[in-house]
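See below for the structure under consideration.
No value in this document is a laboratory result; all are computed from the given coordinates. Quantities reported herein were computed from a predicted structural model and do not represent experimental measurements. Don't worry about glycine lacking a Cβ; one is built from the backbone with ideal geometry, like all the others, and counts go over all protein chains shown.
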Amino acid sequence: MKYPAPRPSCSAADPMFAPLFTPLQIGPVTIRNRFYQVPHCNGMNRVHPSAMAQMRGIKAEGGWGAVCTEQCDVHYSGCHPRELRLWDQHDLPILARAVDEIHKHGALAGIELAHNGFHVHNLETRAIPMAPSLTPTRSNAPVMAREMDLQDIRDVRRWHRLAAINAKRAGFDIVYIYAGHDMTLPAHFLSRRHNRRTDCYGGSLENRVRLLRELVEDAKDAVGDRCAIALRFGVDELIGSEGLSCVGEGHDVVQMLAHLPDLWDVNISSFENDGQSSRFSEEGFQEEYIRFVKKVTGKPVVGVGRYTSPDRMLWLISTGVLDLIGAARPSIADPFLPEKIRTGAYDDIRECIGCNICIASDKLSVPLRCTQNPTIGEEWRRGWHPERIAAKDTGDRVLIVGGGPAGLEAAVWLGRRGYETTLIDRSPEFGGRVRREARLPGLRAWQRVVDWRLEQLKKDRHVTLLPNNDVTAGIILEADFTLIALATGAEWRSDGIGRSLTQPLRGVELTAIFTPEDILAGRLPEGRVVLFDDDHYYMGGVIAEYLVERGCDVTFVTPDSLVSSFTTNTAEQPRIQRRMLEKCSAVHVSTQLIEVRAGEADLACVFTGRPRTIMADAIVLVTSQVPCDELFLDLFAHVSVGPRVVRIGDCYAPGTIAAAVYSGHLFARTLDNRLSDSPPFRRENTQLDWDQRFPEDMGVFRGCDRNQVLERNELGQ
């Protein structure tokens with residue numbers, strides 16, 4: 001496959017950062033700089049292949065020296081329902097499209113080959129899962145994985161080898177063997193917990209590492225003449241002597257295979273440890289576990305740690321902790337992070353806040369999204385670019401009321417389009433809910449959502465910032481604006497209505513009721529507090545933690561079977577539940593709040609209705625929110641002709657901060673948010689016998705080859 005040669009390495013604007021922009025040899029290939037997008041999932045995969053490919057290509061354009069895929073199944077017996085596949089040559093066109101987009105901008109393309117072993121159920125393919133030893137599959141599906149015999153092991157080696165050869169045919173420069181996150185067969189064979197074999201693949205560490213060694217050797221033999229072979233390895237499982245550790249067998253594995261792969265990509269396992277949110281870890285939290293690797297091997301080493309600081313990156317390279325700065329989430333938050341460091345635009349870096357809403361996208365099988373970068377996942381289907389936007393095409397003068405995440409985002413991009421924009425907020429400080437929530441335990445990094453946007457707005461001559469202004473409908477209508485966006489936010493309900501209660505909670509008028517709004521404003525309960533969480537995301541947990549730190553005796557109640565259950569999607573739930581069990585005086589799951597009275601709260605089991613009464617001096621309700629849309633309704637009632645009025649963010653529909661940012665960005669791009677009859681974005685649909693079912697329409701396609709037909713289908717033509 002032919003593709004443009006990599007662009008020559010460009011030096012940094014500041015000579016101090018030159019080490020970050022020096023090329024590095026990785027086996028038979030050379031990376032142009034030290035910025036490396038490690039494999040990460042994205043929710044698009046083979047279902048939205050053009051969107052997946054374009055997303056990777058944008059990162060290459062943004063300066064990443066290498067851009068890797070997510071995991072890619074090598075065989076249908078290890079079928080992950082949400083990931084890429086390389087079962088045979090039929091999967092090559094999807095992968096080649098990603099390679100082309102990455103190569104177009106001079107980056108190396110990497111592919112992460114994987115067999116998921118007993119981590120998956122194979123419900124789609126109905127192939128019986130395999131494992132080193134007989135074991136149930138992960139999660140709670142009623143599926144067993146059979147113990148592999150020696151022929152199975154030979155088959156796995158052959159499948160990996162064939163996949164590596166096909167990856168080379170697709171044009172990849174780096175081919176991974178994946179032995180991390182406790183997710184794949186090589187990792188399972190390494191583990192004493194999972195591997196109870198007594199043959200040459202079990203028992204001693206030398207035996208348990210055998211399959212991993214063979215897979216790396218097979219890949220090098222098959223494609224090592226042109227492709228670098230990378231080993232992704234979790235050096236520590238954070239479970240002590242029961243698992244791999246950086247001072248035990250994790251260290252020993254690196255020592256045994258030190259010079260075999262061309263690249264070591266090291267992290268910690270499981271994924272819930274590797275992908276910790278900023279609520280539970282700081283930037284660089286993995287360094288203490290992976291820093292030994294460079295002392296053991298002479299091969300290049302890449303590691304991750306949610307790095308966004310150029311100074312920290314420089315220190316890692318200069319001190320020899322790493323050879324390459326690995327990133328998944330920071331590359332999502334700002335695909336142009338390397339280019340901004342190269343050009344000295346440090347204040348323009350959109351720093352990852354570590355909220356893990358990106359991880360939730362993959363868990364929920366939807367295109368990637370990010371709180372900081374609303375264009376991620378929309379590069380192909382909407383044509384959005386993270387750094388560029390079309391110039392204004394109307395003569396509108398825009399007023400935005402509300403300086404929270406939606407209002408700030410809209411103002412940034414309207415200003416970049418050249419629209420004269422005024423942003424007003426009643427508070428003396430911009431930031432809205434983000435500024436308030438960032439004061440809660442573990443959410444300090446979320447302030448970056450506000451800081452980046454204010455930094456951009458201060459440099460934009462098209463945008464006027466007016467804090468500490470409480471406007472009315474009359475004042476707005478007297479002003480000379482043709483387009484008004486109301487980003488006035490939302491407030492938490494004080495009546496208990498939420499997901500489980502559809503009518504107001506009985507007795508709310510008889511006791512002290514608090515909401516997150518009260519807590520964030522500094523109005524705190526005292527004594528025995530019952531916190532009822534019917535929201536199921538982060539707010540209930542952080543409010544409970546905040547109150548405990550201030551001396552309250554908190555009982556946590558939720559009708560769900562888990563604490564903060566949505567955070568299973570953000571890889572935080574076990575940590576949150578543990579923290580609630582440690583800090584709260586009691587935690588009641590699968591429990592409904594039925595009625596409150598002075599000094600008491602009535603609870604009931606959601607399954608049996610069995611009642612329970614507990615003491616409560618105050619109730620904190622974290623249930624649902626209502627839009628603060630009074631100003632919109634007032635304007636709507638008085639405007640028959642004149643300025644157009646649009647609601648955005650939580651004022652339109654309360655949701656996540658990421659949703660508010662996206663809403664503001666959508667408004668800046670389109671000047672509206674109304675639903676159309678057809679989706680306002682491209683789709684990829686499977687075409688089934690179109691010429692036979694709809695022969696009258698085939699005239700459009702006659703004379704086109706298969707790829708042209710696919711492209712026309714993508715464009716909706």
Mean projected area, convex hull of alpha-carbon positions in segment 164-213, reported to one decimal in nm², is 4.1 nm²
Once the dipole of segment 377-470 is set up with Lys and Arg at +1 and Asp and Glu at -1 on Cβ about the Cα centre, which of PRO441, GLY407, GLY395 lies farthest towards its positive end?
PRO441
Using the C-alpha gyration tensor of segment 1-144, what are the square roots of 5 times its eigenvalues, in whole angstrom, with the largest one first?
35, 16, 12
Those residues of segment 105-129 whose amide nitrogen sits under 11 Å from the label point placed on ASP149, 7 Å along Cα→Cβ
none
Helix-only [θ] at 222 nm, the chain, -39500 (n - 2.57) per DSSP H run of 4+, per residue, nearest 500, equals -8500 deg cm²/dmol
Rounded to the nearest 0.05, FRET efficiency between ARG578 and GLU526 (Cβ-Cβ, R0 22 Å) equals 0.25
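Pairs of Cα atoms under 8 Å, at least six residues apart: use those to get the relative contact order of segment 382-459, whole percent.
Working: 89 pairs, mean separation 23.5, N = 78.
Reported relative contact order: 30 percent.
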Please arrange TRP159, TRP64 by counting, for each residue, the other beta carbons lying within 10 Å of its beta carbon, fewest first.
TRP159, TRP64
Dipole of segment 483-558, Cα-centred, from +1 at each Lys and Arg C-beta and -1 at each Asp and Glu C-beta, to the nearest 20 debye?
100 debye
Identify, among ALA327, ALA131, ILE153, the residue whose Cα sits farthest towards the positive end of the charge dipole of the chain, taking +1 on the Cβ of Lys and Arg and -1 on the Cβ of Asp and Glu, with the dipole about the Cα centre.
ILE153
In nm, give the distance between the simple-model label positions of ARG506 and PHE607, each being 7 Å from the Cα along the Cα-to-Cβ direction.
2.4 nm
Among THR511, ILE111, ALA360, the residue whose Cα sits farthest towards the positive end of the charge dipole of the chain, when +1 is placed on the Cβ of each Lys and Arg and -1 on the Cβ of each Asp and Glu, is ILE111
Using Cα positions and a limit of under 21 Å, work out the lysines in reach of LYS392, with same-chain residues fewer than 8 apart set aside.
LYS458, LYS459
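For ASP677, ASP265, ASP634, what ranking results if the residue with the fewest other Cβ atoms within 10 Å of its Cβ goes first? The partial results should precede the final answer.
Details: ASP677 5, ASP265 30, ASP634 15.
Result, fewest neighbours first: ASP677, ASP634, ASP265.
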Magnitude of the Cβ-charge dipole (Lys and Arg +1, Asp and Glu -1) of segment 15-363 about the Cα centre, nearest 20 debye, reported as 380 debye
Of the convex hull enclosing the alpha-carbon atoms of segment 417-532, the direction-averaged projected area in nm² is 10.8 nm²
At q = 0.28 Å⁻¹, what base-10 log of I(q)/I(0) does the Debye formula yield for segment 546-611 when every alpha carbon is treated as an equal point scatterer in vacuo?
-1.19
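Could you sort the peptides 318-326, 462-470, 553-561 by per-residue average Cβ neighbour count (10 Å cutoff), highest mean leading?
On the way: 318-326: 20.1, 462-470: 15.1, 553-561: 22.0.
Answer by packing, highest mean first, reads 553-561, 318-326, 462-470.
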Using the Cα atoms of the chain, I'd like the radius of gyration and the largest Cα-Cα distance, Dmax, both in angstrom.
27.1, 84
P(r) for segment 7-75: what percent of alpha-carbon pairs falls in each 10 Å bin, starting at zero?
18, 42, 28, 11, 1
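Give me the percent of Cα-Cα pairs in segment 15-363 that sit more than 37 Å apart, rounded to a whole number. Mind showing how you got there, number by number?
Values: 6719 of 60726 pairs.
More than 37 Å apart: 11 percent of the Cα pairs in segment 15-363.
Explain nothing, just the number: relative contact order of the chain, from Cα pairs under 8 Å at least 6 residues apart, as a whole percent.
Details: 1609 pairs, mean separation 76.2, N = 717.
Computed over the chain, the figure is 11 percent.
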Please report the spacing between the Cα centers of segment 119-155 and segment 173-221 in Å, no decimals.
16 Å
What list do you get for TRP492, TRP384, TRP315 if you sort them by fewest beta carbons within 10 Å?
TRP315, TRP384, TRP492
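Nearest 20 debye, what's the magnitude of the dipole of the chain about its Cα centre given +1 on Lys and Arg Cβ and -1 on Asp and Glu Cβ? Don't skip to the end; give the middle numbers.
Numbers: 84 positive and 94 negative charges, 272 e Å.
Charge dipole of the chain: 1300 debye, to the nearest 20.
Taking the Kirkwood radius as the inverse of the mean 1/r across Cα pairs, report the Rg/Rh of segment 492-626. Don't skip to the end; give the middle numbers.
Working: Rg = 13.3 Å, Rh = 14.4 Å.
That ratio equals 0.92.
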Shape call for segment 189-303, from the Cα gyration tensor axes a ≥ b ≥ c (a/c under 1.5 means rounded, otherwise prolate when a/b beats b/c, else oblate), comes out oblate
Sequence gap at least 6, Cα distance under 8 Å: using those rules, report the relative contact order of segment 1-148 to the nearest whole percent.
21 percent
